[in-house]
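Some notes on the structure that comes next.
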Amino acid sequence: GDERGFFSESWNRRTLSEAGVNLPDFVQDNHSLSRRAGTVRGLHYQAPPFAQGKLVRCGRGALLDVAVDARLGSPTYGQWVSVELSFENGRQLWIPAGFLHGFVTTQPDTEIVYKCTAHYDRASDGAVRWDSLGIDWGVSDPLLSDKDRDAPAFADWRSPFDHMVAA
């Protein structure tokens, strides 16, 4: 960056491969805007055969991004990780297929941008209740969609993902 602004190479297969990071091919890019801080989106997934891996980054603002291992038989099944992604820190998070994905915005007018390894399929779309895993989202009264408010709790949900099957 300089006084004009900045330039960022947000994806380069060769550079990542040279660093030992080999990701699947991407087929779709998504971009969403959340107007209000405290907006929770997730925990979302696409069931096989349309399971999606996602490379996530923040285009503007800031968010707490969450990934939950939902692969039956995985030694880390039900465990989650959260990472702050912001325009300022420029971090990205790789979320493999078989993981639930969600985020909460921590600034107004936050944009999330992500690459997907499978096309969206409405019939394969699903959600798990955002507050059913003990995740510290940092909000007590989030803005939610009906889909996210009505999603089943993790304990009541049957995962379509198998740890031993490559997505």
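The values are calculated or read from the model by the stated rules, or taken from the named source; none is laboratory data. The model shown is predicted, which means the values in this text are computed figures rather than measured ones. Cβ atoms come from the backbone with ideal geometry, glycine included; neighbour counts cover every protein chain shown. Heavy atoms of the whole protein, side chains included, go into the accessibility calculation; ligands, DNA and RNA do not. Shrake-Rupley method; radii C 1.70, N 1.55, O 1.52, S 1.80 Å.
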*At 1.4 Å probe size, with every protein chain present, just tell me what the per residue accessible area of the chain comes to in Å².*
57 Å²
_J(HN,Hα) series, the range 16-31, from Karplus relation 6.51 cos²θ - 1.76 cosθ + 1.60, nearest Hz, glycine and proline x_ = 5, 4, 4, 8, x, 9, 10, 9, x, 5, 9, 10, 7, 10, 10, 8
*How about the range 1-102: which chymotrypsin sites (Phe, Trp or Tyr not before Pro) there are in a DSSP loop, with at most 12 other Cβ atoms within 10 Å of their Cβ?*
Phe6, Phe7
*Quick one: compute the contact order of the chain, relative version, from alpha carbon pairs under 8 angstrom and 6+ residues apart, as a percent.*
33 percent
*Label selected from [x] 25, 21, 14; [y] 41, 16, 13; [z] 36, 22, 15, the criterion being semi-axes √(5λ) of the Cα gyration tensor in Å as computed here*: [x]
*Only loop residues by DSSP count here, and only those with at most 15 other Cβ atoms within 10 Å; note down the GluC sites (Glu not before Pro) in the range 1-97 that meet that.*
Glu3, Glu9, Glu88
*Lys/Arg +1, Asp/Glu -1 at C-beta; the chain dipole; positive extreme among Gly38, Tyr77, Ile135*: Tyr77
*Rounded to whole Hz and in sequence order, give me ³J(HN,Hα) for the range 3-8 from the Karplus expression 6.51 cos²θ - 1.76 cosθ + 1.60, θ = phi - 60°, writing x for Gly and Pro.*
4, 7, x, 8, 10, 9
*If you keep only loop residues by DSSP, which trypsin sites (Lys or Arg not before Pro) in the range 87-151 have at most 13 other Cβ atoms within 10 Å of their Cβ?*
Arg91
*Just subtract the alpha-carbon distance of Glu111 and Ser145 from 0.36 nm times their residue separation and send over the number in nm, one decimal.*
10.6 nm
*How large is the helix-only mean residue ellipticity at 222 nm for the chain, computed as the sum of -39500 (n - 2.57) over DSSP H runs with n ≥ 4, divided by its residue count, in deg cm²/dmol to the nearest 500?*
-1500 deg cm²/dmol
*Within the chain: Cβ-based charge dipole about Cα centre, in debye rounded to nearest 20 (Lys, Arg +1; Asp, Glu -1)*: 240 debye
*asked:* Cut-off 10 angstrom, C-alpha nodes, Gaussian network model of the chain. Which of Ala153, Ala123, Ala37 fluctuates the most?
replied: Ala123
*Under 5 Å between amide H atoms, partner at least 5 residues away or on a different chain: which partners does Leu143 have, H built in plane at 1.01 Å?*
Thr39, Val40
*Can you give the charge dipole size of the range 44-99 about its Cα centre, rounded to the nearest 20 debye, using +1 on the beta carbon of Lys and Arg and -1 on the beta carbon of Asp and Glu?*
140 debye
*Using a 1.4 angstrom probe on heavy atoms only, work out the carbon and sulfur share of the accessible area of the range 37-112 in %.*
51 percent
*Against the rule of thumb 2.2 N^0.38 Å, how large the Cα Rg of the range 1-91 comes out*: 1.29
